[in-house]
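Novice: The structure is given below, and queries will be raised subsequently.
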Amino acid sequence: MAAEEKNQILLTLRIIPNSSKNEIIKTEGMIKVKITAPPVDGKANKALVEFLSKTFKIPKTSFKIIKGETSKDKTLSVSVLDEEKLQNLRNFLK
């Protein structure tokens, strides 16, 4: 689900494109993110980063897909210098 290094969190999640609404679903051992965008030309990846950025109030430039660019299972690197925002993300991942 998540691993952490200094000012950086690695998120492992599954994206579900073409959903009726954008939402995050936490299940035991997995985070699923429903995105309304289709999985075409990187639209779902872009929408995923925008949605997570808006949800956690972290700049889009802080998110980087490091694994799974063309897969439903993705690993994202989230670089956060603001300790409060980092703590909010940690609390959500618990």
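The values are calculated or read from the model by the stated rules, or taken from the named source; none is laboratory data. The model shown is predicted, which means the values in this text are computed figures rather than measured ones. With ideal geometry, Cβ positions are generated from the backbone for all residues, glycine too; neighbour counts draw on all protein chains shown.
Novice: Would you check if there is a residue in segment 23-36 being within 24 Å of E83 (Cβ to Cβ) and hydroxyl-bearing (S, T, Y)?
Specialist: No, that holds for no residue.
Novice: Okay, moving on. What are the pairs with Cβ atoms under 6 angstrom where one residue, in segment 20-31, is within 16 Å of L48 (Cα to Cα) and the other, located anywhere, is surrounded by 12 or more Cβ atoms within 10 Å (Cβ to Cβ) and charged (D, E, K, R)? Sequence gap at least six, or different chains.
Specialist: From segment 20-31, the pairs are E23/K34; I25/K32.
Novice: Inside segment 79-94, can you point out the residues that are under 17 Å from M30 (Cβ atoms) and surrounded by 15 or more Cβ atoms within 10 Å (Cβ to Cβ)?
Specialist: To start, the set of residues in segment 79-94 that are under 17 Å from M30 (Cβ atoms) comprises 89, 92-94.
Once the filter is applied, which keeps residues that are under 17 Å from M30 (Cβ atoms) and surrounded by 15 or more Cβ atoms within 10 Å (Cβ to Cβ), segment 79-94 yields only L89.
Novice: Just one of the numbered conditions (1) of a type in the set (G, A, S); (2) on the phi > 0 side of the Ramachandran plot; (3) surrounded by 15 or more Cβ atoms within 10 Å (Cβ to Cβ) is not true of G29; which one?
Specialist: (3)
Novice: Let me ask something additional. Being of a type in the set (S, T, Y) and in contact with a helix residue (DSSP H, G or I) (Cβ under 6 Å, 6 or more places away or on another chain) narrows it down to one residue among S53, S62, S19; which is it?
Specialist: Numbers: S62 fails: in contact with a helix residue (DSSP H, G or I) (Cβ under 6 Å, 6 or more places away or on another chain); S19 fails: in contact with a helix residue (DSSP H, G or I) (Cβ under 6 Å, 6 or more places away or on another chain).
Checking each option against the conditions leaves just S53.
Novice: Something else about it: Inspect segment 6-15 for any residue being over 12 Å from the mean Cα position of the chain (by Cα) and at pLDDT 95 or above and give the result as yes or no. Before the answer, list the steps.
Specialist: Step one: filter segment 6-15 for residues over 12 Å from the mean Cα position of the chain (by Cα), giving 6-8.
Imposing the further condition that a residue be at pLDDT 95 or above reduces the set to none.
No: segment 6-15 contains no residue that is over 12 Å from the mean Cα position of the chain (by Cα) and at pLDDT 95 or above.
Novice: Mind listing whichever residues of segment 44-64 are within 23 Å of S20 (Cα to Cα) and hydrophobic (A, V, I, L, M, F, W, C)?
Specialist: So in segment 44-64, the residues within 23 Å of S20 (Cα to Cα) come out as 44-57, 60.
Selection gives A44, A47, L48, V49, F51, L52, F56.
Novice: Quick check on my filter: what residues within segment 74-91 are free of Cβ contacts under 8 Å to residues at least 40 places away in the same chain and part of a helix (DSSP H, G or I)? Write out each step before concluding.
Specialist: Residues of segment 74-91 that are free of Cβ contacts under 8 Å to residues at least 40 places away in the same chain, as a first pass: 82-85, 87-88, 91.
If the condition is that a residue be free of Cβ contacts under 8 Å to residues at least 40 places away in the same chain and part of a helix (DSSP H, G or I), then E83, E84, K85, Q87, N88, N91 are the ones that fit.
Novice: Which one is surrounded by the most Cβ atoms within 10 Å (Cβ to Cβ) among residues in segment 1-26 that are of a type in the set (V, I, T) and within 18 Å of F92 (Cα to Cα)?
Specialist: Here is the first cut: in segment 1-26, the residues of a type in the set (V, I, T) are 9, 12, 15-16, 24-25.
With the extra rule that they be within 18 Å of F92 (Cα to Cα), the set shrinks to 9, 12, 15, 24-25.
Working: I9: 19, T12: 16, I15: 23, I24: 14, I25: 12.
The residue in question is I15.
Novice: Now for a separate question. Does any residue of segment 50-63 turn out to be part of a strand (DSSP E or B) and among the polar types (S, T, N, Q)?
Specialist: So in segment 50-63, the residues part of a strand (DSSP E or B) come out as 63.
Retained after the next criterion (residues that are among the polar types (S, T, N, Q)): none.
No: zero hits.
Novice: Working only within segment 32-49, note down all residues that are small (G, A, S) and buried (at least 18 other Cβ atoms within 10 Å of the Cβ).
Specialist: Our first condition is that a residue be small (G, A, S); within segment 32-49, this holds for 37, 42, 44, 47.
Once the filter is applied, which keeps residues that are small (G, A, S) and buried (at least 18 other Cβ atoms within 10 Å of the Cβ), segment 32-49 yields A37, A44, A47.
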